[in-house]
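Peer 1: Starting off with a structure, shown below.
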Amino acid sequence: MKKHLSELAIFGGIPAFTEKLHVNRPNIGSKQILLQRINDILDSKWLSNNGVLVQEFEQHIASLVKVKHCIATCNATTGLEIAIKACELTGEVIIPSFTFVATAHALQWLGIEPIFCDVDPSTHNIDPQKIEALITAKTTAIMGVHLWGRGCDVEALAEIARRHNLKLLFDAAHAFGCSYKGQTIGNFGNVEVFSFNATKFCNSFEGGAIVTNDSELAKKIRLMKNFGFSNYDCVDSIGINGKMSEVSAAMGLTSLESMEDFISINRKNYKKYQHELSNIPGVNLITYDEKERCNYQYIVVEIDELITRISRDKIYEILWAENIIARRYFYPGCHQMEPYRSRIADMGLMLTNTRNLASRVLALPTGTAIGSKEIGKICQVLRLATSGGNLINEKLYQNLHAC
Ligand SMILES: *Cc1c(COP(=O)(O)O)cnc(C)c1O
């Protein structure tokens, strides 16, 4: 059996968490309202295919984002694939290498090669200065990712896209409810895609939304997400089944109604982490611009091993041993995952910042499932794990692994 910190006399003992604390436990709004909605769905006998709740969900998002068109989808990955298809992308598309693998997979699934571009270490977002060197005759688009809900350098990306006649898309899976330079994310580029997966800040169990101000594109996307049907017996284009179900929309609407509460809890949690981590050298919390709207869904720290003198991976194991289920996002990096790893073996050499971040970053638990007390304890574990320098840390680490 693994030992807990509490059993290690040298640390004075802190009580272990009896239940696992996970990163991205779902936020759940009013159960009562959700169940009422599900009841109504069952009574109406309309379970999918552009039902009233999906329509309401789309309108609600469009009005929150202040965007012309919103098309709800079964998830964001399928949403990205539909957006990519509707933009008629081919060949190669440039994406950041520090992202969730779905950004790359959505392209690869359609036979388009994702070209990995390194990120800016200060923003974690795609580095516009590194894009032009990657553009070839086959490049048809740039797809940015607003990582952790922090907006990409939209102007720089738009300028490069304009100069090279490329489409500009955004994987906005993290960025629902966020703004960039005062404008709500969802209004940039040709098209943006949100995720409402259970791990995201607002969820519809599974779900996504494609948003755009381009009416022609919106029309195409709407057809494509429903097999290309324009009418009962009429198919106008290639399509897929990308529809959101009514029960997902019910959850989505219920989440939207509690959205401000989720943000305020996330923000309070972020502030608590900020306070606690401010005196833990080498554990650096990423910052959010107070002038922007943000969902504060991601508590991301960068471990500076030169200061902590214990590796990120060891800290990660210590946290897990204490039932704190932190995550190494996005380890080991998209380019280190198949099918990309085999194809572009030397790619890692060019992706220095991505490689560094993938070895430094830890995401810590937040959301409505936890509060100040839990965060205090999580930070106490971090404080202990990083306090004694190598010697004590090695001892602690060995103890944790003593069977
Ligand atoms: C979650 C996520 C996705 C995929 O969203 P799904 O709704 O689960 O398909 C895509 N990109 C990023 C950056 C994500 O975090």
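Peer 1: Give me log10 I(q)/I(0) at q = 0.15 Å⁻¹ for segment 224-376, Debye formula, one equal scatterer per alpha-carbon, no solvent.
Peer 2: Rounded to two decimals, the profile gives -0.97.
Peer 1: Per DSSP H run of n ≥ 4, the term is -39500 (n - 2.57); total these for the chain, divide by its residue number, and report the mean residue ellipticity at 222 nm rounded to 500 deg cm²/dmol. Each step should come with its number before you reach the end.
Peer 2: Values: 14 runs with 154 residues, N = 403.
Result for the chain, helices only: -11500 deg cm²/dmol.
Peer 1: Can you find, among Thr212, Ile370, Thr199, the residue farthest towards the positive end of the dipole of the chain? Put +1 on the C-beta of Lys and Arg, -1 on that of Asp and Glu.
Peer 2: Positive-most Cα among the choices belongs to Ile370.
Peer 1: Can you divide the C-alpha Rg of segment 63-148 by 2.2 N^0.38 Å and report the result to two decimal places? If you can, show how the numbers build up before the last one.
Peer 2: Numbers: Rg = 13.5 Å, N = 86, 2.2 N^0.38 = 12.0 Å.
So segment 63-148 has a normalised radius of gyration of 1.13.
Peer 1: In segment 97-171, carbon and sulfur make up what percent of the accessible area (probe 1.4 Å)?
Peer 2: Numbers: 1590 of 2890 Å².
Within segment 97-171, the accessible surface is 55 percent carbon and sulfur.
Peer 1: Against the empirical 2.2 N^0.38 Å scaling, what ratio does the C-alpha Rg of the chain come to?
Peer 2: Details: Rg = 22.2 Å, N = 403, 2.2 N^0.38 = 21.5 Å.
This ratio for the chain stands at 1.03.
Peer 1: Separate question: May I have the pair-distance distribution P(r) for segment 129-276, computed from all Cα-Cα distances with 10 Å bins from 0 and rounded to whole percent?
Peer 2: Per 10 Å bin, starting at 0, the Cα pair percentages come out as 10, 30, 33, 20, 6, 1, 0.
Peer 1: Please report the accessible area of Phe227 (heavy atoms, 1.4 Å probe, ligands and nucleic acids excluded) in Å², nearest 10.
Peer 2: 90 Å²
Peer 1: I've got another one for you. Got a sec to turn the phi values of segment 166-175 into Karplus ³J(HN,Hα) couplings, 6.51 cos²θ - 1.76 cosθ + 1.60 with θ = phi - 60°, whole Hz, x for Gly and Pro?
Peer 2: With the stated coefficients, segment 166-175 comes to 10, 6, 10, 10, 10, 7, 9, 3, 8, 10 Hz.
Peer 1: Roughly speaking, what is the centre-to-centre gap between segment 163-210 and segment 243-280 when only Cα atoms are used, to the nearest Å?
Peer 2: If you average the Cα positions of each part, the centres end up 16 Å apart.
Peer 1: Still on this structure, please answer the following. Size of the dipole of the chain about the Cα centre, Lys and Arg at +1 and Asp and Glu at -1 on the beta carbon, nothing else charged, in debye to 20?
Peer 2: On the way: 42 positive and 42 negative charges, 147 e Å.
Dipole magnitude for the chain comes out near 700 debye.
Peer 1: Hey, if you put +1 on the Cβ of every Lys and Arg and -1 on every Asp and Glu Cβ in the chain, which of Gly186, Gly282, Ala102 ends up farthest toward the positive end of that dipole?
Peer 2: Checked the options; the winner is Gly282.
Peer 1: Could I ask something else about it? Which FRET efficiency value, to the nearest 0.05, do you get for Asn50 and Ser387 by plugging their Cβ-Cβ distance into 1/(1 + (r/R0)^6) with R0 = 45 Å? Walk me through the numbers before you get to the answer.
Peer 2: Numbers: r = 57 Å, r/R0 = 1.26.
Computed FRET efficiency for Asn50 and Ser387: 0.20.
Peer 1: Could you compute the FRET efficiency for Ser122 and Ile344, with r as their C-beta to C-beta distance and R0 at 41 Å, rounded to 0.05? Could you put the intermediate results ahead of the total?
Peer 2: Numbers: r = 26 Å, r/R0 = 0.62.
Calculated value: 0.95.
Peer 1: When the Debye formula is applied to the Cα atoms of segment 295-349, each taken as the same point scatterer, what base-10 log of I(q)/I(0) results at q = 0.21 Å⁻¹?
Peer 2: -0.92
Peer 1: Based on alpha-carbon atoms only, what is the radius of gyration of segment 52-196 relative to the globular estimate 2.2 N^0.38 Å? Mind showing how you got there, number by number?
Peer 2: Values: Rg = 14.3 Å, N = 145, 2.2 N^0.38 = 14.6 Å.
The reported ratio for this selection is 0.98.
The values are calculated or read from the model by the stated rules, or taken from the named source; none is laboratory data. Nothing here was measured: the structure is a model prediction, and the numbers come from that model. Glycine also receives a Cβ, built like all others from the backbone with ideal geometry; neighbour counts cover every protein chain displayed. Each accessible area value is taken on the protein alone, full model and side chains, heavy atoms only, with ligands, DNA and RNA left out. Shrake-Rupley method; radii C 1.70, N 1.55, O 1.52, S 1.80 Å.
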